[in-house]
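Notes follow once the structure below has been shown.
The values are calculated or read from the model by the stated rules, or taken from the named source; none is laboratory data. The structure presented is a predicted model; accordingly, all values stated were derived computationally and were not measured. Because the Cβ atoms are built from the backbone with ideal geometry, glycine has one as well, and the counts that use them run over all protein chains shown. Only protein heavy atoms, including side chains, enter the accessible area calculation; ligands, DNA and RNA are left aside. Shrake-Rupley method; radii C 1.70, N 1.55, O 1.52, S 1.80 Å.
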Amino acid sequence: MGRMTATPARRVLLAAPRGYCAGVDRAVIAVEKALEQYGAPVYVRHEIVHNKYVVQTLEKKGAIFVEQTAEVPEGSIVMFSAHGVAPTVHAEAAERKLATIDATCPLVTKVHKEAVRYAKEDYDILLIGHEGHEEVIGTSGEAPDHITLVDGPEDVANVEVRDESKVVWLSQTTLSVDETMETVGALKQKFPNLLSPPSDDICYATQNRQIAVKKLSEEAELVIVVGSKNSSNSIRMVEVALDAGAPAAHLVDFADEIDEAWLEGVTTVGLTSGASVPDVLVDGVIEWLAERGYADVETVKTADESITFSLPKELRRDLRAEAAELSAK
C-alpha cells in the first residue's frame, strides 16, 4: 500500500491594517452627508477617492463626478476630492458662484501649507511624486514658481536649483516609503544642504499598509492587493510586496478579476487592500478564495490605527445649523 502524502493546508494571511484610511473615510462620508443635506446632484471635482466601486456607489446616490470646474453649473455645490486642488481651482469655483466643500485629506493640506511656507521663505522646493497625479498637481499649484517635480531617483540628475543652500524636499503622501527615501538619498548626495520637512509627508496609513504587506510577503507565495489601477498607494503595495520577496503579487478591483492560474502551487495567499478600498471588496475576495479551498484566514496585525478626522468645516457648519433648527422646533 502506497504512502499517503498530506496536502499542505491552504490559508489566507489577511493584513491589518488595510483598507480605508481616515482621510478616505472622511471624504466618502462627506459626499454622503452632502447628498443627505442638500439633495442630488452634488458635483465632485475628480474622483473623490481612487476606487472604482466607491465612485460607482456614490454616482448611484446622486453624485456627479467631473474633471473640470467649468463642467459644474453655476450656483451648484461642488466638492473637492481627498487629493486636494490648487488655489486656481478655488478661484474658478468662486467665479462660477459655486458653493464649495473641501474634502482634501488633512495630511495633504499639511503638505500644501509646507509648500506655501517654504515658498514664502524663497526656498526651491523639490516635490517627490508622480507626474499627473491629482495630489501633485494640487501641491504644485500652491507655489508653481518654487516647485520642481522629482519623479523617482532616476530624475535627480536633471534637477537644477537657484541656491543649493536653500533647498527643501516635500513628498506626495501615497508613495512607497522605500522609493521616496531612495530619491531623498540621491537628492542629498547632489544637494548636501537639502532640508527635510518638519515631519514625514508620506501618510501614516500608506506607511502602515506597506509595513503590513512586507510582513505578508515573508510567507505568502501570492499577494493579492484589492485596489483600483489609478490608486497610487495600491499600485505601490504591489511593488512593495514583490520587493519584499513575494513570488507574485497582483492588483484587482473585484474578486472576479482574480485568475485561478495564479493559485497554482500556492498554499499561502496574502491579502490586503489600498487606503481607498471598502472592506466589502476584501470580503468578496475572502469568499472567492474560500470556495477554492483557502478557508483558513489568519489576520496579520502590524499596527493599530485610531486616527479620525472631522468632516469638512462647510458640512459641520451646515449640519450644526440643521441640528439647532430641529431642536428649536
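Using the Kirkwood formula on the Cα atoms of the stretch 256-329, what hydrodynamic radius do you get, in angstrom to one decimal?
After inverting the pairwise mean of 1/r, the radius is 16.7 Å.
Between Lys188 and Ala295, with labels modelled 7 Å along Cα→Cβ, what's the label distance in nm to one decimal, could you check?
The modelled label-to-label distance comes out at 5.2 nm.
Report the normalised scattering of the stretch 1-148 as log10 I(q)/I(0) at q = 0.10, 0.17 Å⁻¹, calculated by the Debye formula with identical scatterers on the alpha carbons.
-0.44, -0.99
Calculate how large, on average over all directions, the projected area of the Cα convex hull of the stretch 190-264 is; give the answer in nm² to one decimal. Mind showing how you got there, number by number?
Working: hull surface 27.6 nm².
Answer in nm², one decimal: 6.9.
Measure out, as a whole number of angstrom, how far apart the alpha-carbon centroids of the stretch 61-113 and the stretch 177-205 sit.
Answer, in whole Å: 29.
Along the principal axes of its C-alpha atoms, what lengths does the stretch 122-254 span, in descending order and rounded to whole Å?
That works out to 49, 27, 25 Å along the principal axes.
If you roll a 1.4 Å probe over the chain with all protein chains in place, what percent of the accessible area is carbon or sulfur?
Roughly 50 percent, rounded to a whole number.
Between Val159 and Met181, what FRET efficiency comes out of the Förster formula 1/(1 + (r/R0)^6) with R0 = 25 Å and r the beta carbon distance, rounded to 0.05?
That gives a FRET efficiency of 0.90.
Work out how much length Glu218 to Asp279 would gain on full extension: take 0.36 nm times their residue separation and subtract the Cα-Cα distance, in nm to one decimal.
19.6 nm
Which length gain, in nm to one decimal place, applies between Arg320 and Glu36 when the Cα-Cα distance is subtracted from 0.36 nm times their residue separation?
Gain on stretching Arg320 to Glu36: 100.8 nm.
Any idea what the relative contact order of the chain is, in percent, if you count C-alpha pairs under 8 Å spaced at least 6 apart?
Here the relative contact order equals 25 percent.
Multiply the residue gap between Glu59 and Phe254 by 0.36 nm, knock off their C-alpha separation, and tell me the result in nm, one decimal place. Kindly include the intermediate steps, with their values, before the conclusion.
Details: separation 195, 0.36 × 195 = 70.20 nm, distance 1.82 nm.
Using 0.36 nm per residue and subtracting the Cα-Cα distance, I get 68.4 nm.
Can you give me the accessible area per residue for the chain, using a 1.4 Å probe, in Å²?
I get 47 Å² per residue for the chain.
May I ask you to list, by number, the DSSP H helices of the chain whose Cα span along the axis is at least 15 Å and whose average Kyte-Doolittle hydropathy reaches -1.0 or more?
Span-like helices in the chain: 22-38, 106-120, 177-190, 204-217, 232-243, 279-290, 313-328.
Out of these labelled values of semi-axes √(5λ) of the Cα gyration tensor in Å, (1) 33, 24, 17; (2) 34, 21, 19; (3) 37, 29, 15, which was calculated from the coordinates shown here?
Looking at semi-axes √(5λ) of the Cα gyration tensor in Å for this model, the match is (3).
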